[in-house]
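A.B. asks: Structure provided below as structure tokens; questions to follow.
Bear in mind these aren't lab numbers, they're just calculated from the coordinates by the rules spelled out. On a predicted model such as this, the values are computed, not experimentally measured, just so you know. Positions of Cβ are generated from backbone atoms using ideal geometry, with glycine treated the same way; all protein chains shown enter the neighbour counts.
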Amino acid sequence: MAEQDVKTVPDGRRLRSERSRQAIIDAMLQLVEEGVLVPTAQQVSDRAGVGIRSVFRHFSDMESLFASADVIIRAQYQGLFSGGDREGTLEERVQHAVEQHALAYEAIGNHFLTTKAQMWRYPILQEQYTRAQRQLRRDLDDWLPELQSVPADDRELVDAVASFEYWHRLRENQGLNKKTSIRLTTKLLNSIITTALAAR
């Protein structure tokens, strides 16, 4: 066999393996985006078009698959939360922050839900969720540096109102549309922040 053929065989095998691995991750992400919040290995393998043994050849368990999928989602949600117009008055920036958060929550809400549904089972999801909360808090500080001056209790209240959980309650549990949810969240945040700053 020619030297070129010797190199091509393992390279081709490696490329097929990489494509199979990526197909498995993509299948996981697609299922979650479609509302399958606790996808099984069988569902993932069926969607990816590979055998279930292939799933566990690439990933030691479902936790490691979730961890790999999170790398992709993390890049997506970091980009969504980091955007937006951060200039203007306090009220304008609160409005912009809520609108940007709404954009992100609507885009990747199911990934928050699948994490919350399974974090009791997988430590990696607990870590990912905690990390996401820290990032959201830092991002809100960037939008609203005035938060550094509000009392600790009010700061925690701001985080609660700006959270995905609050947004999900308005949208799903209370059945409010996106525009109304943005208006109510903005109104409440402005009230909390301006009251806290005035009381200093």
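A.B. asks: Counting only GluC sites (Glu not before Pro) that are in a DSSP loop and have at most 16 other C-beta atoms within 10 Å, tell me the longest site-free stretch of the chain.
C.D. replies: 88-200
A.B. asks: Could I ask something else about it? Considering the Cα positions of the chain, please state its Rg to one decimal place and its Dmax as a whole number of Å.
C.D. replies: When restricted to the Cα atoms of the chain, Rg and Dmax are 21.4, 82 Å.
A.B. asks: If you take every residue apart from R155 with its C-beta less than 15 Å away from the C-beta of R155, what net charge results, scoring Lys and Arg +1 and Asp and Glu -1?
C.D. replies: That works out to -4.
A.B. asks: Over its Cα atoms, what ratio of radius of gyration to 2.2 N^0.38 Å does the range 1-108 give?
C.D. replies: Working it through for the range 1-108, the quotient is 1.54.
A.B. asks: Just to check I understand the Karplus step: with θ = phi - 60° and J = 6.51 cos²θ - 1.76 cosθ + 1.60, what whole-Hz values come out for the range 72-77, glycine and proline as x?
C.D. replies: Once θ is set to phi - 60°, the couplings for the range 72-77 become 6, 5, 4, 4, 5, 6 Hz.
A.B. asks: Show me, for the range 149-158, the HN-Hα J-couplings you get by feeding each phi into the Karplus relation (A = 6.51, B = -1.76, C = 1.60, θ = phi - 60°), rounded to Hz, glycine and proline as x.
C.D. replies: 9, 8, x, 4, 4, 5, 5, 5, 5, 4
A.B. asks: Counting only helical runs of four or more DSSP H residues, what would the 222 nm mean residue ellipticity of the chain come to if each run contributes -39,500 (n - 2.57) and the total is spread over all its residues?
C.D. replies: Computed ellipticity for the chain at 222 nm equals -25500 deg cm²/dmol.
A.B. asks: Magnitude of the Cβ-charge dipole of the range 86-183, K/R +1 and D/E -1, about the Cα centre, nearest 20 debye? Don't skip to the end; give the middle numbers.
C.D. replies: On the way: 14 positive and 16 negative charges, 95 e Å.
Computed charge dipole of the range 86-183: roughly 460 debye.
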